[in-house]
Amino acid sequence: MLDWPQYVAVRKSPTELPDQTQKARCEALLPGLVGKPFVGNADTCVIFNTYVLTSIPDRAQRVAVLEQGFREPAVMIGKDRIGHRRLAVEVFLDLLNAPLADLEQWTADLIEAADRAKVPVIFVLDAVNWWGARPDLWNFFDPNGAGYDVKNVDNVEWAGDTSASATRVFWRNWGSQIRVTTPVPNLGGAGFRAAVAAALAKVLPQLHAYEARLPPDEKERFGGVVVGTEVSIGVNHYFYPNGNQYLGQDAKCDPGLPHAAGCPTGNAGCPANNHGICEPDFNTSSLSGGVAQLGYKSSLDLGLRTAGQPMTRAVLDGVVRDYFAFMNHQVVVIGQLPQHKLYAHMGGTFGQNFGPHSYGVPRYASYAAGWSLYGGDASNVSASGAGNYLKNSGGDAALPWSVPEWLPYQRNTASQASWFAALENTLNFLNARLLGVANWEGVSPDGNFRAAMAQSLSAPRSDACAMVPRVILGQETFGATSGLRLSGAVPNTATYFVASSSNLTDGRGGLATIDVANEALGDAKTYFFGNGAPQKIYVQVVTDGCVRGGVAQRMLAPITALTVGGNGQAPAGPTLFVQVGAPASNPWVALSWEVPAASVTAGYAAYLNISTDPTFATIDVHNEVVTGKDLLVRDGLKGVKSYARLVVDSNGTRAYSNVVTLGP
């Protein structure tokens, strides 16, 4: 049962442009594209960008094309799974860079396409890097422009304590410096966050519905949610001193670039550059990299400092931590998505004492903290800044971590062996849960990369292991005693069943107070409550194993609310359980069961009956021999009231389980 495997993902870039000359090649690779509009190029046969909504207006055709885009990586790599690993696709949802109606439709299209392709999908929720489509949030300076409102100055970041320093432009370097002609977003601003929440209201209900309708044996196809893309202050949005003044000049003359003919010169530290101004260098103790310091407005809004107080790394860390906490609340509490599949993608970390941010910022903001790894950091994570932080984090080294953006080599620059070593070094470092190759389009033509991916997904390193959390499969009450059925234990692991009267967490995904139950389960697959009279409690399964660097990985299953009680005694005979919390509208039901050990030892035959007749005089829904099995996922029961039981024959004796009621 793989609810949360280790994902080896490829990230689809939304910035590619189509090239019709590649149509024939792509149709040969993916025959499902034949006869449909083409939105691919030499790097990918299907570009995942919202312009597909207008390029392919017919939804049936559009979803069919996107389905092939989800299939493409597995087709080109040739392998997609082994043991605890799964190939997945990361897709972007830019929350503030498209009209809300387009965002809602794009989300629906991606979900349906991924569902049809049966490919695990991970959604990147990015509200920070691009918001050009929302001048109603950031235009405080152009009365003749769309969305103008002087109050928008509160939604943008400032380079000082007053609105006179509000940004109207920023720069970033993703391989080379580019100018972005929107202000820097204020991560702590009430207006900005309200807009993010409104966008998430178009997205999260769809993601929740998709995850909820996946049966237990297919939950792995919802890979989870990545919050942001290198969220930080002043790194992917840096601002030169008095940066707004450069808007009136040609971008080729921007500071930080090598001097171009006809552009101003200067001697502000880098005389070979335009204006003599250096591009930021974050590998120093400077919080801003040597350019203008940002974070003033967000820190004021969040109460992390008052006007006139100095900017510190702790303040900047606090802004990003608070943004992650805000997103965590939106995704988990309001959106009801599983917290154990939430990854926080931190940026702005350049070493223990360099750059604006500390590595520990995302650790407790969501379940699996995440950082980008490039070059040598990606090929040897143990020696990277993130790796050293994880190794030195004490007991927290056992907790899950992720690398949503990973690239050790550029296309066609490394051997298969080098790619494979980099993959395995990362996937087998402590409790790695997600590796996201950035980007699929950049490396997909590289045969050595594809071969290494196939190797990791079919013949990984001999010491490869990753913890898979045990999960609750079903619940049932036997007289006055409630019981649970769990997925099986993995060899060389330890499992603990914990329960609390409070749903408060410890900030690491676990229950803060364990006052109802705390028991080692061993190999047991059933648990019967002995807490007396029924009461509402919160339960969780904790699994330890797969020792890395002397530390056993720890996996925490989702916290489940139950109203249960009992005397702790298992009933005699076979027992049948039904899926906990399965939404009534779901067209499937999960049944799990246990056959008494004596029957198993003596030899037995088991049958699962489902009937619309509570007496089982006729068995008109399902009748299956289930000897040697202990789980059945059955669809087609929506709106049908039926009854299920397990029948066990052993030693000439027939025994019947409890009867469970299914449907309305």
## Note on the structure
Using a 1.4 Å probe on heavy atoms of the protein chains only, the accessible area for S176 in Å², nearest 10, reads 70 Å²
### Task
Would you work out what percent of the accessible area of the chain, with all protein chains in place, is carbon or sulfur (probe 1.4 Å)?
51 percent
### Task
Taking all pairs of distinct Cα atoms, average 1/r, flip it, and tell me the Kirkwood hydrodynamic radius of segment 449-548 in Å to one decimal place.
15.8 Å
### Query
Counting alpha carbon pairs within less than 8 Å and at least 6 residues apart, what relative contact order, in whole percent, applies to segment 362-458?
30 percent
### Task
Using only the Cα atoms of segment 144-188, construct the convex hull and provide its projected area averaged over every direction, in square nanometres to one decimal.
4.0 nm²
### Message
What percentages make up the Cα-Cα pair-distance distribution of the chain when the bins are 10 Å wide from 0?
### Response
3, 14, 23, 25, 19, 10, 4, 2, 1, 0
### Query
Hey, what angle do you get for helix 59-77 against the long axis of the chain, alpha-carbon based, 0 to 90 degrees rounded to 10?
90 degrees
### Task
Quick one: net charge around A524, please, counting Lys, Arg +1 and Asp, Glu -1 for every other residue with C-beta under 12 Å from its C-beta.
0
### Summary
Karplus-derived 3J(HN,Hα) from phi for segment 520-535 (6.51 cos²θ - 1.76 cosθ + 1.60, θ = phi - 60°), whole Hz, x at Gly and Pro, runs 7, 8, x, 8, 4, 9, 10, 9, 10, 6, x, 9, x, 4, x, 8
### Query
When the Karplus curve 6.51 cos²θ - 1.76 cosθ + 1.60 is applied with θ = phi - 60°, which whole-Hz ³J(HN,Hα) does each residue of segment 231-243 get, with x for Gly and Pro?
5, 6, 10, x, 10, 7, 9, 9, 9, 6, x, 6, x
### Query
What residues have an amide H closer than 5 Å to that of T627, excluding those fewer than 5 places away on the same chain, when H is modeled at 1.01 Å from N in the peptide plane?
A606
### Message
Quick check for you: with a 1.4 Å probe and neighbouring chains kept, what is the accessible area per residue of the chain, in Å²?
### Response
37 Å²
### Query
Relative to the longest principal Cα axis of the chain, at what angle does helix 447-456 sit, 0 to 90 degrees, rounded to 10?
30 degrees
### Message
Among 436-445, 226-235, how do they line up by average Cβ neighbours within 10 Å per residue, starting with the highest?
### Response
226-235, 436-445
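If you take the Cα Rg of segment 1-80 and divide it by 2.2 N^0.38 Å, with N the number of residues, what do you get?
After normalising by residue count via 2.2 N^0.38 Å, the value is 1.14.
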### Query
Relative to the present Cα-Cα distance, how much length would full extension add between D217 and R172 at 0.36 nm per residue of separation?
11.9 nm
### Query
Could you work out Rg/(2.2 N^0.38 Å) for segment 180-325, with Rg from alpha carbons only?
1.39
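In a shell of Cβ-Cβ distance under 12 Å around L17, excluding L17 itself, what net charge do Lys and Arg (+1) and Asp and Glu (-1) give?
Net charge in that neighbourhood comes out at -4.
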### Query
If one takes the longest principal axis of the Cα atoms in the chain, at what angle in degrees, from 0 to 90 and to the nearest 10, does the Cα axis of helix 416-427 lie?
70 degrees
### Message
Quick one: 3J(HN,Hα) in Hz for segment 82-92, Karplus 6.51/-1.76/1.60 with θ = phi - 60°, rounded, Gly and Pro as x.
### Response
7, x, 8, 9, 9, 6, 9, 10, 8, 10, 8
### Coarse-grained scattering of segment 35-176 at q = 0.09, 0.19 Å⁻¹, given as base-10 log I(q)/I(0) from a Debye sum over alpha-carbon atoms
-0.41, -1.11
### Summary
A190 and A480 label points (each 7 Å along its Cα→Cβ direction) are spaced in nm at 5.3 nm
### Query
Where in segment 409-440 is the amide nitrogen less than 19 Å from a point lying 7 Å along the Cα-to-Cβ axis of A383?
409-410, 414-415, 417-430
### Summary
Bounding extents of segment 513-619 in its principal axis frame from Cα atoms, largest first in Å, are 57, 36, 32
### Summary
Along principal axes, largest first, the alpha-carbon spread of segment 331-413 in whole Å comes out as 44, 31, 25
### Message
So if I average 1/r over every pair of distinct C-alpha atoms in segment 1-46 and take the inverse, what Kirkwood radius in Å does that give?
### Response
12.3 Å
### Summary
The FRET efficiency for T21 and R461, from their Cβ-Cβ distance with R0 = 45 Å and rounded to 0.05, is 0.65
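Let me know the charge dipole size of segment 121-204 about its Cα centre in debye, to the nearest 20, where only the beta-carbon of Lys, Arg (+1) and Asp, Glu (-1) is charged. Don't jump to the answer; show the numbers that get you there.
On the way: 7 positive and 7 negative charges, 42 e Å.
The calculated dipole for segment 121-204 is roughly 200 debye.
The values are calculated or read from the model by the stated rules, or taken from the named source; none is laboratory data. Fair warning: this is a prediction, and the values are worked out from it, not measured in the lab. Cβ atoms come from the backbone with ideal geometry, glycine included; neighbour counts cover every protein chain shown. These area figures cover heavy atoms from the full protein model, side chains too; ligands, DNA and RNA do not enter into them. Shrake-Rupley method; radii C 1.70, N 1.55, O 1.52, S 1.80 Å.
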